[in-house]
Amino acid sequence: MAKEIERKFLVDGDGWKDGAEKGVRLRQAYLLGAPDRSARVRLFDDTRARITLKFGSGAMSRDEFEYDVPLDDALDMIDHALGHVIDKTRYRVPAGDFVWEVDVYHGDLADLVVAEVELPSETATPHLPDWLGREVTGDRRYTNQALAETGVIPEEDG
């Protein structure tokens, strides 16, 4: 069983672009969802696809299972999306011993840019680049599942 442990931040500015690798366009649809589990299908540059199952309600870690699926099947699955299909470009940004993934959203979510880093443990302490903004780890409103449900960028608190 795979364990996903990650921290998530809003991005403040364009400083991340200097170290970014070529982006990958992702389209993803949630097929099933509950507060403690989800099933999604994701297309990578419309050339390959994976289905992902996630279980758990922890702020930083959940059980995760991912499998390649035929592209034609994934295209059919997207027609069964709950809510909105997420469209974003993901950039990998190496920083020290960690690799940040910066998601630049498109469509109705076009002003949203989020960075996340996968960790080997919940106690790992990655270097936090200066282009990171507010941490949103554990803020359900910034999960892709919630963004797909609402189709809108969450309003800032305060």
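The values are calculated or read from the model by the stated rules, or taken from the named source; none is laboratory data. Since this is a predicted model, take the numbers as computed values, not measurements. Every residue, glycine as well, gets a Cβ built from its backbone with ideal geometry; the counts of neighbours run over all protein chains shown.
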Selection from the stretch 32-51 of residues part of a strand (DSSP E or B) and surrounded by fewer than 16 Cβ atoms within 10 Å (Cβ to Cβ) yields LEU32, ALA34, ARG37, ARG48, ARG50
Those residues of the stretch 80-89 which are surrounded by fewer than 18 Cβ atoms within 10 Å (Cβ to Cβ) and either of a type in the set (Val, Ile, Thr) or assigned to a strand (DSSP E or B) (or both), in sequence order: VAL85, ASP87, THR89
Yes or no: the stretch 87-97 includes at least one residue that is at negative phi and without any contact (Cβ under 8 Å) to a residue 24 or more places away in the chain. no
Only listed residue being in contact (Cβ under 8 Å) with a residue 60 or more places away in the chain, more than 15 Å from the chain's Cα centre (by Cα) and closer than 25 Å to PRO154 by Cα, chosen from GLY23, GLY56, GLY19, GLY15: GLY15
Evaluate the following for ALA115: is it more than 15 Å from ARG27 (Cα to Cα), in contact (Cβ under 8 Å) with a residue 40 or more places away in the chain, in contact with a Gly (Cβ under 8 Å, 6 or more places away or on another chain) and surrounded by 15 or more Cβ atoms within 10 Å (Cβ to Cβ)? no
Members of the stretch 129-141 that are within 11 Å of ALA115 (Cβ to Cβ) and either without any contact (Cβ under 8 Å) to a residue 24 or more places away in the chain or crowded, with 16+ Cβ neighbours inside 10 Å (or both): PRO129, TRP131, LEU132, VAL136
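Yes/no per residue for (1) over 26 Å from SER121 (Cβ atoms); (2) modelled with pLDDT under 95; (3) out of contact with any helix residue (DSSP H, G or I) (no Cβ under 8 Å at 6 or more places or on another chain); (4) basic (Lys, Arg):
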{"position": "THR47", "(1), (2), (3), (4)": "yes, no, no, no"}
{"position": "TYR67", "(1), (2), (3), (4)": "no, no, yes, no"}
{"position": "ASP73", "(1), (2), (3), (4)": "yes, no, yes, no"}
{"position": "ASP76", "(1), (2), (3), (4)": "yes, no, yes, no"}
